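Okay, structure first, notes after.
The values are calculated or read from the model by the stated rules, or taken from the named source; none is laboratory data. Small disclaimer: the values here were computed from a predicted structure and weren't measured. Note that each Cβ is placed from the backbone with ideal geometry, even for glycine, and that neighbours are counted across all protein chains shown.
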Amino acid sequence: MKTKSSKSKVHLKDFWIQAVVNYKETGAIAPSSPYLARLIADHSGLENSKEIVEIGPGTGVFTEELLRRLPPKSRLTLIEKNSCFVNLLRQKFPGLTVLEACATKLDVHLGQQAISSAGAVVSGLPWAAMPDSLQETLLQQIHGILAEDGVFTTFAYFGPHLLPSGQRFRKRLEQSFAHVSRTKIEMRNFPPAFVYRATKIPPTRPKK
Ligand SMILES: C[S@@+](CC[C@H](N)C(=O)[O-])C[C@H]1O[C@@H](n2cnc3c(N)ncnc32)[C@H](O)[C@@H]1O
């Protein structure tokens, strides 16, 4: 029988192989840590959501944390482009819908699952490794599927977020959403990373 630690070693190996074979789309040298998974889940707004969509789950580190906190009667749907990760995710989470699809057609793929809007969209996409036009298309798709009162969360590596592509992403995020905030840096991630939280509605000011 495979223990939890031997399973996570297998997943790590899978991730490294994809990081080499498919670097541009994987965009990372290691899966996220459980600490970053907790940070993104803390800010994801999933407690108020019926439909939750995770894009780019990879080996499912964020998925595990989201599932732990999933409110009753809500649904988590995964969208992953890499077939190797899709196979692994389907084995690991047999009860979940894992769509083998590119998020550039999020509206079409979610539409086929009768999902027209999501209260929480959680992304593991490697924004800083993407060209301009791809960042734009993906953000438009995410904005289109997010409910008016929904929350979009995504992470960035501290350091690479200062690269032109990382800065471009932040600017585009701020242009697309009414409010964008940033969390503390999670140093127990390799590399250290933080979470962006974006909403279509600005936060309401407390009444005086
Ligand atoms: C940086 S890895 C993050 C994986 C995981 N969320 C984590 O934090 O360990 C990026 C993931 O996004 C997936 N991905 C990249 N571009 C995608 C796209 N256009 N549509 C769907 N998934 C994509 C990659 O295959 C990979 O699994």
Would you please name the residue that is surrounded by the most Cβ atoms within 10 Å (Cβ to Cβ), looking only at residues in region 19-35 that are more than 7 Å from the ligand (Cβ to nearest atom), in a helix (DSSP H, G or I) and not basic (Lys, Arg)? ALA19
Taking region 43-65 and keeping only residues that are free of Cβ contacts under 8 Å to residues at least 60 places away in the same chain and farther than 14 Å from LEU88 by Cβ, one is left with GLU47, GLU65
All conditions in (1) surrounded by fewer than 18 Cβ atoms within 10 Å (Cβ to Cβ); (2) not in a loop (DSSP other than H, G, I, E, B) are true of LEU139 except (1)
What number of residues within region 168-189 satisfy the criterion of being of a type outside the set (Val, Ile, Thr) and either modelled with pLDDT under 95 or in a strand (DSSP E or B) (or both)? 4
Failed criterion for LYS171 (all others in (1) exposed (fewer than 13 other Cβ atoms within 10 Å of the Cβ); (2) in contact with a Pro (Cβ under 7 Å, 6 or more places away or on another chain) hold): (2)
Of (1) buried (at least 17 other Cβ atoms within 10 Å of the Cβ); (2) without any contact (Cβ under 8 Å) to a residue 40 or more places away in the chain; (3) of a type in the set (S, T, N, Q), THR199 satisfies all except one. Which? (2)
Which condition number does VAL10 fail, the rest of (1) touching a Leu at 6+ places or on another chain (Cβ under 9 Å); (2) at pLDDT 95 or above; (3) not small (Gly, Ala, Ser) being met? (2)
Scan region 67-92 residue by residue and report those that are in contact with a Gly (Cβ under 9 Å, 6 or more places away or on another chain) and among the hydroxyl-bearing types (Ser, Thr, Tyr). SER74
Which residue out of SER133, SER117, SER165, SER176 is in contact with a His (Cβ under 6 Å, 6 or more places away or on another chain) and under 24 Å from ILE79 (Cβ atoms)? SER176
